[in-house]
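Take a look at the structure below.
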Amino acid sequence: MTGTAEAVRTHLPGLGLLVGGAVAATLVAGAVPGLQPLVVAVAIGVGVGNTVGVPEVAEPGVGVDKLFLETGIVLLGAAVAVEEFLTAGPTVLALVVGVVGGGLLFAEVAARGLFRIGSPTSSLLAAGASICGVSAVVAIGRVLDARGADITFAAATILLFDAVTLVAFPLAGEWLGLTGRQFGVWAGVSMFSTGPVAAAGFAYSPEAGQWATVTKLARNSLLGGVAVAYSLAYAARSAADPGVRRLWAEFPKFLLGFLVVAVVANTGLLSPAALASIGRVSDALFALAFVGLGLSIRIDDMRAVGAAPVGAVLVHLLAVSAVALAAVRWLL
Amino acid sequence: MASDPDDATGSAAVDRWTALDRGWQALALGLGVVAAHLVGQAL
């Protein structure tokens with residue numbers, strides 16, 4: 001029992017910080033018409049993280065933000081109209097597979113050919129930009145037995161783009177006059193890490209948030225396949241075993257929970273009141289996660305990122321988002 | 001996550017939980033919330 005009490009005590013300060021930020025975001029958004037609480041949550045996190053910083057005692061609790069994000073996504077399954085997603089599913093899936101496959105190859109060529117970035121950094125950047133941001137950088141780094149410095153360098157580059165696209169995409173979507181579904185799918189295939197994709201989607205509209213998250217989940221589920229492909233391509237230096245074990249190891253397990261919840265909710269087992277209550281729990285978890293996302297965005301760290309990786313990832317982002325934009329406008 | 005024996009907290013439940021992959025933790029928490037709602041509406 002003392003172990004449980006100790007674990008709670010260790011996490012309490014950070015959880016308090018996340019809860020304080022989420023409550024403040026809700027109050028501010030409630031007082032200012034048109035302001036989305038989740039956007040304010042990220043802004044508060046960025047503000048606190050880059051001024052007073054996160055006290056050491058709060059770090060374990062703040063680190064739970066990704067668990068809140070993934071649990072919020074599992075519960076988002078209850079808000080998903082399976083029929084609607086199944087109708088658009090094949091189109092969105094084809095788009096995801098095409099963009100990830102084409103994007104990976106394009107990013108490798110751009111990084112090596114245009115910016116003279118060697119491997120494995122080129123592959124880490126390509127994986128981070130094409131699949132699921134920092135978690136893809138870390139997973140592919142593990143597969144390729146990359147040095148810690150290479151992984152940190154690539155992850156910092158991806159984080160820089162996460163912060164910029166989090167603001168730029170919703171603005172661009174408004175300017176382009178995209179529908180919620182178009183924006184969600186566009187952000188879901190073009191942006192990098194899962195948290196910023198969901199945050200940008202919900203900043204645009206609740207419908208866009210759902211589409212962005214579902215599209216991003218489809219993209220994340222390809223990580224195992226890409227990890228296997230990279231370990232085969234780099235076979236001579238690979239430290240990891242390719243095959244079904246690796247596919248499963250890199251598969252985001254919370255995606256299964258999202259699917260189960262979506263099926264349960266769509267079979268009519270849950271009352272409208274229960275669905276609304278689950279939606280509120282999901283919103284609360286997203287608010288906590290987005291305060292943590294904001295706290296993790298460190299402007300000082302981003303200044304240290306080099307020009308070549310920024311150039312390579314920027315070229316990739318511009319090309320992929322332009323192709324994806326044309327596709328969503330044409331297909332959805 | 002924390003599967004290193006040095007990280008053991010002294011509580012088997014906490015150690016088992018922290019050793020789980022974060023994706024499994026999220027899946028368990030999410031399904032737990034949904035199960036609680038199902039039980040709540042059945043009572």
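The values are calculated or read from the model by the stated rules, or taken from the named source; none is laboratory data. Note that the structure is a prediction, hence the values are computed from the model and not measured. We place every Cβ from the backbone using ideal geometry, glycine too, and count neighbours over all the protein chains shown. Heads up: the accessible areas ignore ligands, DNA and RNA and are worked out on the full protein's heavy atoms, side chains in. Shrake-Rupley method; radii C 1.70, N 1.55, O 1.52, S 1.80 Å.
Within segment A:248-259, the residues that satisfy the criterion of being modelled with pLDDT of 80 or more, in a helix (DSSP H, G or I) and either open to solvent by 30 Å² or more (accessible area, probe 1.4 Å) or charged (D, E, K, R) (or both) are A:L256, A:L259. Looking only at segment A:321-332, residues that are open to solvent by less than 20 Å² (accessible area, probe 1.4 Å) and part of a loop (DSSP other than H, G, I, E, B) come to 0 in all. How do the pairs read when you match residues in segment B:13-26 that are more than 7 Å from chain A (Cβ to nearest Cβ) with residues anywhere that are open to solvent by less than 70 Å² (accessible area, probe 1.4 Å) and of a type in the set (S, T, Y), using Cβ under 6 Å and keeping only pairs 6 or more apart or on different chains? Within 6 Å, the pairs are B:D15/B:T9.
Among the conditions (1) under 21 Å from A:A107 (Cβ atoms); (2) at pLDDT below 80; (3) surrounded by fewer than 21 Cβ atoms within 10 Å (Cβ to Cβ), A:L318 misses just one, which is (2). Checking each residue in segment A:49-80 for being touching a residue at least 40 places away in the same chain (Cβ under 8 Å) and either at positive phi or open to solvent by 40 Å² or more (accessible area, probe 1.4 Å) (or both) picks out A:N50, A:P55, A:V57, A:E59, A:P60, A:G63, A:K66, A:A79. Residues in segment A:4-20: is at least one at positive phi and free of Cβ contacts under 8 Å to residues at least 60 places away in the same chain? Within segment A:4-20, none of the residues are at positive phi and free of Cβ contacts under 8 Å to residues at least 60 places away in the same chain. Which of the following residues is within 11 Å of chain B (Cβ to nearest Cβ), open to solvent by 30 Å² or more (accessible area, probe 1.4 Å) and either assigned to a helix (DSSP H, G or I) or charged (D, E, K, R) (or both): A:R245, A:R280? None of the other options fit; the residue is A:R280.
Restricting to segment A:260-277, name every residue that is at the interface with another protein chain (Cβ under 9 Å from one of its Cβ atoms) and either over 18 Å from A:T213 (Cα atoms) or open to solvent by less than 30 Å² (accessible area, probe 1.4 Å) (or both). A:V261, A:V264, A:A265, A:L269, A:L270, A:S271, A:A273, A:A274, A:L275, A:S277 - these are the residues of segment A:260-277 that are at the interface with another protein chain (Cβ under 9 Å from one of its Cβ atoms) and either over 18 Å from A:T213 (Cα atoms) or open to solvent by less than 30 Å² (accessible area, probe 1.4 Å) (or both).
The number of residues in segment A:118-153 being closer than 25 Å to A:L95 by Cβ, open to solvent by less than 10 Å² (accessible area, probe 1.4 Å) and either part of a helix (DSSP H, G or I) or free of Cβ contacts under 8 Å to residues at least 24 places away in the same chain (or both) comes to 13.
Residues considered: A:L269, A:L275, A:L332. Of these, the only one that is free of Cβ contacts under 8 Å to residues at least 40 places away in the same chain, among the hydrophobic types (A, V, I, L, M, F, W, C) and out of contact with any Gly (no Cβ under 9 Å at 6 or more places or on another chain) is A:L269.
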